[in-house]
Each structure stands twice: as structure tokens, then as C-alpha cells.
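Asks: Dumping the structure here so I can ask a few things about it.
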Amino acid sequence: MGQKKQSAMARDSVDARYYQAVPPRSLGERLTVAARDRIYDDFIAHCRPRPEDAILDVGVSDVVNDAANMLERKYPHSGRITALGLGEGGAFRAAFPAVAYQRIEANRSLPFADKTFSIATSNAVLEHVGSAEHQAFFVRELMRIARKVFISVPHRYFPIEHHTAIPFMHHWDATFPVACRALGKSEWADERNLILMSRARLNALAPADAVVAYTGLRLGPWSSNLLLFIDGTRAS
């Protein structure tokens, strides 16, 4: 099996396993939808997209439900979105026919010239790229191909860990792997699958003038998500 197919299968597996923790019509799904709706509001407030702006959405899901693919569900000018994913995207294409979909390979340069897009965004992707080096590369690539960058990730210090539904134990490096193994979820303790994100970790990936803030379900330092906003137009 080739590396490209393995990467696609790995991402599809991550998507499917994540949404097992938020089954349809559950309280978890309703909270996830509420959090992502607020992330979308912050995306609009920070990026201020115009109808003519070209937007790149990196790392869309081929699991299609009320919690997935926030931008495609809500943005009124979907024909201006280009979406990237690791798989064939069959379910995604069927659900969002106006959106241009392109398959990519993990941790490779994006197939676009510098500043092709007005805005590049990703939601719940950065924590899955596999290493700190890959995270830094991911952020640099989005900065290269877009004038503005908006990234959102699950927040480590939300009381419930997003992927496993384990409470509190993910706040400490020593306890999360133990809890994952005890509950049969050991794959999530592997940083190749999940890097728990804090404000300090997100700040370390960002230029000095970037904005790092809470988003999603707002609970102060225990908010559900974090955002990173980089405005490259300030230097223009």
C-alpha cells in the first residue's frame, strides 16, 4: 500500500474515531455543534471575508454530520471555498457540490502558489499532524499561500477531552496515557494521532503579532477551543 493511501486511511480513521465520541443526536454532538458555531462566528469576526474572497479549508472530513465541516455548512458563498482532504472525499463532494475539493498528501507542501488565497483556515486538524515539526510546517504553509490564517484546535484544559471523552486526566502528561490505556483508547496517547493543545503550544507556532485566544464554548481558561489568527495584510 502506498504512503498516500495509508495517509488517507489514517485520516479517515481519525475522523471516524473522533465522531464515535460524539454520536448523532447526543448531548456531545449538540455541544460540539454549539462550539463550532461559535468558532465560525470568531472566524467571521477576525477574517472578515468578502463575498469575492477565495478561501482555503485545509483538512475537511469525509464524515458528514451536523458537527463536521463547519465552514461548508455555514458560509453563504460556498463556491469561493476550496477544500483539501487526505481521502477521495466522496461523501464530502456529495454533501457540498459547490465546494471545490482537492486531495492532498499529509505533511507535504500545498499545491498552490504564494498568496493564492485571501484566507486559509483549518479546524481540528493541527493537533493531528504528528509532531511539533509538522505543526510548524503546517502553519508556515498556510501563511505562505494565504494573506490571513485562522486555525482552531481543541483546548487541552477543557474539562472533557474531545476525542476520548475522558474527564480531567488529559490535563497532565503523566495521567492521560494511563487513562487511555485503562479505557482501551491507547491510540490517542500517541502523539502521531493526537497532540494536546494549550495556549503556550499554539503561541510557540505563531509569529509574534498573531492572536491566540479562547473560542468555542467560553469557560475562560477552561474554554473548549483555541484559535490562532495571523493577519498577513498588516505587513502590506
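The values are calculated or read from the model by the stated rules, or taken from the named source; none is laboratory data. Owing to the predicted nature of the structure, the values given are computational and were not obtained by experimental measurement. Glycine gets a Cβ as well: all are built from the backbone with ideal geometry, and neighbour counts include every protein chain shown.
Asks: Among the numbered criteria (1) more than 20 Å from Gly220 (Cα to Cα); (2) assigned to a strand (DSSP E or B); (3) under 15 Å from the mean Cα position of the chain (by Cα), which single criterion is violated by Ser152?
Replies: Answer for Ser152: the failing condition is (1).
Asks: Here's something else I'd like to know. Only one residue in Ala98, Ala54, Ala68, Ala113 is closer than 28 Å to His162 by Cα and aliphatic (A, V, I, L, M). Which one?
Replies: None of the other options fit; the residue is Ala68.
Asks: If you don't mind, there's one more thing I want to ask. Is one or more of the residues making up region 181-199 outside any loop (DSSP other than H, G, I, E, B) and within 21 Å of Arg38 (Cβ to Cβ)?
Replies: yes
Asks: On to the next question. In the set Asn65, Asn107, which member is within 23 Å of Arg140 (Cα to Cα), modelled with pLDDT under 95 and either small (Gly, Ala, Ser) or not in a helix (DSSP H, G or I) (or both)?
Replies: Asn107
Residues are listed down the side, and each one gets a yes or a no for (1) closer than 26 Å to Tyr75 by Cα; (2) modelled with pLDDT under 95:
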residue: Arg144; (1), (2): yes, no
residue: Val153; (1), (2): yes, no
residue: Pro159; (1), (2): no, no
residue: His171; (1), (2): no, no
residue: Glu191; (1), (2): no, yes
residue: Arg201; (1), (2): no, no
residue: Val212; (1), (2): yes, no
residue: Gly220; (1), (2): no, no
residue: Leu228; (1), (2): yes, no
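So that you can scan it fast, the table gives a plain yes or no per residue for (1) of a type in the set (Phe, Trp, Tyr); (2) within 14 Å of the chain's Cα centre (by Cα); (3) modelled with pLDDT of 90 or more:
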| position | (1), (2), (3) |
| --- | --- |
| Gly28 | no, no, no |
| Leu31 | no, no, no |
| Ile55 | no, no, yes |
| Met70 | no, yes, yes |
| Tyr75 | yes, no, yes |
| Arg103 | no, no, yes |
| Asp114 | no, no, yes |
